Amino acid sequence: MKAFRLHAYGDIASVVTEDVPVPDTGPHEVLIRVAAASVNPLDLKLITGHAAAYFPLTFTHTLGTDLAGTVEQAGPLAAGWRPGDRVIARPAPTRGGAFAEFAAVPASHVASAPTSLPLETAAGLPTAAATAWQALFETARLERGQTVLIHAAAGGVGSFAVQLARIAGAHVIATASAANADLVRELGASRVIDYRSQDFAGDLDDVDIVLDTIGGETQQRSFSVLRPGGMLVSIVAPPDELLAAAHKVNGAFVFHQTDATRLRSISGLCDAGSLRVVTDQVFDFTDMQAALQRVASQRSRGKVLLAIG
Ligand SMILES: NC(=O)c1ccc[n+]([C@@H]2O[C@H](COP(=O)([O-])OP(=O)(O)OC[C@H]3O[C@@H](n4cnc5c(N)ncnc54)[C@H](OP(=O)(O)O)[C@@H]3O)[C@@H](O)[C@H]2O)c1
């Protein structure tokens, strides 16, 4: 089978296509014929080694953490899966394997794909939607009626976070460039701030929760918009504890952990017509490097997808 592999930390040009054997399927695993994958900023951090402290790779490494496809074979202890089942899956980053024609994934990291979405689109769900879910509902415990500020609302995580917060009955304020304001409003934001021309920190106060998808100066300026007791939850960098204390707010860092229960809930929301995948671009499998470049641009609207099978 064809797979996109990395022999050592490097850059996008270091990712090469190779013919390799179809992976063995362990007793608790499901072998998936991959229809599509999605590319995340994490893939770039894995390639360069910037994520090596958390996710050290063993080379040669097959890349890719988000996929959708059909079950080819299920291990004897991978209960409930049959050949032909349509699934989404999120292999652990150290394991990877999604950028290939077949992937063996622990059954605990697999969920049924939404019946209402083509697999090509469903591949955009696992990391981005589940990270937004984990940050908003499990870490920040977002409640109906609360106000949440979502940064980079047009991005992969942000586009899901806006929809999930709206579904939860929150009042959503979002940052995005002017060109993406209509999209973000359509997803559920009641107010969109163009971060390039407006100072969100000067404009807002009494926010209950900030979802930080940017880090750095954006994170630092976000503390002041929170009400006392509010929460800044970051998916990029642990919030500065001194700044949090000075503003009498809480800070938390979310490190996404794959969980099939969460993926099932997300799939269900798609089938209920409440959640959609915003597609930036679908690249052919052979255009892997162009797909990685698109994510590296930090300008993608929603998800960058790869059509594989
Ligand atoms: N901790 C975890 O477990 C976890 C999980 C998933 C992702 N992450 C991290 O979270 C970050 C976001 O991931 P992602 O997949 O959402 O990225 P992404 O899809 O590549 O984000 C692209 C978007 O960022 C927006 N953007 C760029 N700079 C901005 C700024 N200063 N203010 C507001 N929007 C800005 C762009 O919108 P405009 O064109 O409108 O500017 C674009 O739509 C990445 O660093 C990723 O590694 C962490």
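The values are calculated or read from the model by the stated rules, or taken from the named source; none is laboratory data. Given the structure is predicted, the values throughout are model-derived calculations rather than measurements. Cβ coordinates were reconstructed from backbone atoms using ideal geometry, including for glycine residues, and neighbour counts include every protein chain displayed. The accessibility values were calculated without ligands, DNA or RNA, using every heavy atom of the protein model including side chains. Shrake-Rupley method; radii C 1.70, N 1.55, O 1.52, S 1.80 Å.
Structure notes:
- Counted residues, the range 201-221 - those being at positive phi and either at pLDDT below 95 or open to solvent by 10 Å² or more (accessible area, probe 1.4 Å) (or both): 2
- Some residue of the range 189-200 being under 20 Å from the mean Cα position of the chain (by Cα), open to solvent by 10 Å² or more (accessible area, probe 1.4 Å), closer than 21 Å to Leu142 by Cβ and within 10 Å of the ligand (Cβ to nearest atom): no
- Inter-residue pairs, beta-carbon under 9 Å, first closer than 18 Å to Phe255 by Cβ and more than 13 Å from the ligand (Cβ to nearest atom) and in the range 30-56, second not aliphatic (A, V, I, L, M) and not in a loop (DSSP other than H, G, I, E, B), 6+ apart: Ala52/Lys45
- Per-region count, the range 251-270, residues within 13 Å of the ligand (Cβ to nearest atom) and among the charged types (D, E, K, R): 2
- There is at least one residue in the range 222-231 that is over 21 Å from Ala189 (Cα atoms), surrounded by fewer than 17 Cβ atoms within 10 Å (Cβ to Cβ) and not assigned by TED's automatic domain parsing to the domain that holds Gly84.
- Within the range 289-309, considering residues that are away from the ligand (no atom under 16 Å from the Cβ) and open to solvent by less than 50 Å² (accessible area, probe 1.4 Å), the one nearest to Phe99 (Cα to Cα): Ile308
- Residue check for Val236: touching an Asp or Glu at 6+ places or on another chain (Cβ under 7 Å), farther than 29 Å from Ser116 by Cα and open to solvent by 20 Å² or more (accessible area, probe 1.4 Å): yes
- A single entry from Leu6, Leu42 fulfils the requirement of being within 18 Å of Lys303 (Cβ to Cβ) and in contact with a Phe, Trp or Tyr (Cβ under 9 Å, 6 or more places away or on another chain): Leu42.
- Unique residue being charged (D, E, K, R), within 21 Å of Ile88 (Cα to Cα) and at pLDDT below 95 when the list is Asp259, Asp280: Asp259
- All of Ala170, Ala140 fail the test of being among the small types (Gly, Ala, Ser) and within 23 Å of Ala260 (Cβ to Cβ), apart from Ala140.
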